[in-house]
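Reviewing the structure listed below.
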Amino acid sequence: MIRSVVQGCGAYLPERVVTNADLAKKMDTSDEWIQQRTGIRQRHIAADGEFTSHLALKASEQALTHAGIKASDLDLIVLATATPDETFPATATRVQAELGMTRGAAFDVQAVCAGFVYGLSVADSLIKNGLASTALVIGAETFSRILDWEDRGTCVLFGDGAGAVVLRAEEGMGTSADRGVLANALHSDGRQHDILYVDGGPSSTRTTGLLRMEGKEVFKHAVVNMAAVVGEVLAKAGFETGDIDWLVPHQANKRIIDGTGRKLGLPPERVVVTVDRHANTSAASIPLALDVAVKDGRIKKGDLLLLEGIGGGLAWGASLVRW
Ligand code: UT7
């Protein structure tokens with residue numbers, strides 16, 4: 001039985017840090033409001049000329065080094081992003097070229113804040129079906145480029161960044177004690193389009209557009225759907241909430257993360273939270289959080305991880321991974 005086993009991870013954040021106090025100098029907001037409502041203290045913002053592919057490349061190089069795998073060994077890159085460098089080709093192909101990888105396939109997936117879980121599920125399926133053996137799964141975003149900086153209700157919430165993991169096909173017994181991706185669950189509900197979207201695109205307006213969100217509505221869906229999809233993916237693999245070593249959620253809002261943890265009955269010390277320092281980095285948020293908790297020694301080989309995310313679409317999903 002083939003499993004997709006994580007070999008290593010990496011992350012990259014742009015150098016420029018923008019604090020809540022910095023934002024309060026430019027608009028009618030405050031550090032107190034942002035921290036109380038979201039838990040965010042700061043975000044990283046890409047420099048002029050620094051694109052999603054640049055962030056993705058740096059996170060990928062780190063992940064390959066951590067994994068001890070050469071770019072020439074890769075035969076798949078799946079890059080989750082809602083902020084590609086260009087409308088086409090896929091930003092993944094830019095990363096492919098920069099890494100010097102000349103074989104296999106590289107493409108993007110678009111599921112906004114659920115993008116990393118979607119990308120991981122796609123890569124896992126291709127590996128299990130024998131279409132790839134060594135894959136880089138990246139979440140990378142420059143959301144600062146699609147924010148309406150006049151809308152204080154959204155622009156304070158997001159940041160830029162990238163994270164990546166390397167997966168490799170390994171033959172094994174296929175038991176739940178073996179390492180690897182154990183189960184995935186993906187969902188979307190296109191009826192919820194209007195509560196979170198970008199008001200432009202190549203086919204509709206021929207512009208890039210800006211992010212629009214009804215935050216309260218998204219919030220309600222987030223807590224309910226997250227708890228449900230976590231239950232679903234656990235059941236698929238024959239586990240219960242108590243078996244989870246680490247919940248690594250999409251980092252949109254500390255209140256959503258706390259609400260989901262409470263609904264699941266998970267103690268806060270088993271939940272990885274990085275939203276305070278990265279803000280919401282959409283598809284990058286889960287691999288960024290993963291990287292922090294792996295590198296600071298909290299997540300160890302053999303731990304059971306639950307990754308979950310929700311965003312525009314609405315699209316949401318979860319993956320259960322034996323690290
Ligand atoms: O990753 C994709 C998924 N996205 C999410 O998960 C986001 C989900 N939603 C949320 O996280 C929250 O709904 C927000 C953080 C976006 C907003 O929190 P809220 O508690 O729902 O606040 P609100 O939108 O109801 O706004 C409350 C008040 C309003 O003033 P009034 O009408 O009560 O006088 C807003 O105008 O806060 C005001 N407000 C602000 N005040 C200071 C909105 N934005 C700001 C701001 N600074 N930046």
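The values are calculated or read from the model by the stated rules, or taken from the named source; none is laboratory data. A quick note: this is a predicted structure, and the numbers were derived from the prediction, not measured. As a convention, Cβ positions derive from the backbone with ideal geometry for all residues, glycine included, and neighbour counts pool all protein chains shown. Quick note on the areas: whole protein, heavy atoms, side chains included, nothing else; ligands and nucleic acids left out. Shrake-Rupley method; radii C 1.70, N 1.55, O 1.52, S 1.80 Å.
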Q. Amide H to amide H, which residues 5 or more places from SER133 or on other chains are under 5 Å from it, using H placed in the peptide plane?
A. ASP75
Q. In whole Hz, what ³J(HN,Hα) sequence does region 231-248 give by Karplus (6.51, -1.76, 1.60; θ = phi - 60°), x for Gly and Pro?
A. x, 4, 6, 5, 4, 4, 9, x, 10, 10, 3, x, 7, 6, 7, 9, 8, 10
Q.
Taking each pair of distinct Cα atoms in the chain once, what is the resulting Kirkwood hydrodynamic radius in Å?
A. 19.3
Q.
Let me check I've understood the local charge: for LEU306, count other residues with C-beta under 10 angstrom from its C-beta, Lys and Arg +1, Asp and Glu -1. What total comes out?
A. -2
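What length, rounded to one decimal in nm, is gained on full extension from SER176 through to ASP194, with 0.36 nm per residue of separation minus their alpha-carbon distance?
Details: separation 18, 0.36 × 18 = 6.48 nm, distance 3.95 nm.
Full extension from SER176 to ASP194 adds 2.5 nm.
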Q.
Mean-square fluctuation check for the chain, GNM, Cα pairs under 10 Å: which of PHE107, PHE219, PHE51 is largest?
A. PHE219
Q) When the chain is modelled as a GNM with alpha-carbon springs shorter than 10 Å, which of ALA59, ALA235, ALA90 fluctuates the most? A) ALA235
**Q.** Residue among PHE107, ALA24, ILE257 farthest towards the positive dipole end of the chain, charges placed on Cβ
**A.** ILE257
Q | Accessible surface ranking that places the most exposed of MET27, MET1 first, with a 1.4 angstrom probe | A | MET1, MET27
Q) Once phi is turned into θ = phi - 60°, what whole-Hz ³J(HN,Hα) does the Karplus curve with 6.51, -1.76 and 1.60 give for every residue of region 194-205, x standing for Gly and Pro? A) 6, 8, 6, 7, 10, 8, x, x, x, 8, 8, 10
Q: Please tell me the relative contact order of the chain in percent, rounded to the nearest whole number, where contacts are Cα pairs under 8 Å and at least six residues apart.
A: 26
**Q.** Cβ-placed point charges (K, R +1; D, E -1), dipole of region 2-171 about Cα centre in debye, nearest 20
**A.** 320
Q | Set of lysines with alpha-carbon distance to LYS300 below 26 Å, sequence-local pairs under 8 removed | A | LYS58, LYS70, LYS128, LYS236, LYS254, LYS263
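More than 24 angstrom separation, counting every C-alpha pair in region 140-239; what % is that? It would help to have the intermediate numbers written out before the result.
Details: 2358 of 4950 pairs.
Of all Cα-Cα pairs in region 140-239, 48 percent lie more than 24 Å apart.
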Q. At q = 0.11, 0.13, 0.21, 0.22 Å⁻¹, what is the log10 ratio I(q)/I(0) for region 1-101, with the Debye formula run over Cα points and no solvent?
A. -0.49, -0.64, -1.07, -1.12
Q: Among THR91, PRO268, VAL6, flag the residue with its Cα farthest along the positive direction of the charge dipole of the chain, charges on Cβ as +1 for Lys/Arg and -1 for Asp/Glu.
A: PRO268
Q | Residue-by-residue Karplus 3J(HN,Hα) for region 127-142, coefficients 6.51, -1.76, 1.60, Hz, glycine and proline x | A | 5, 5, 8, x, 7, 8, 10, 9, 10, 9, 10, 10, x, 9, 8, 10
Q: Express the Stokes-Einstein translational diffusion coefficient of region 2-171 in µm² s⁻¹, to the nearest whole number, given a Kirkwood radius over alpha-carbon pairs, 4 °C and a viscosity of 1.567 mPa s.
A: 78
Q: Positive end of the charge dipole of region 88-171 (Lys, Arg +1 and Asp, Glu -1 on Cβ, about the Cα centre): tell me which of PHE143, GLY130, LEU167 has its Cα farthest that way.
A: GLY130
Q.
If the elastic network links every pair of Cα atoms under 10 Å, which of ARG255, ARG168, ARG43 fluctuates the most in the Gaussian network model of the chain?
A. ARG255
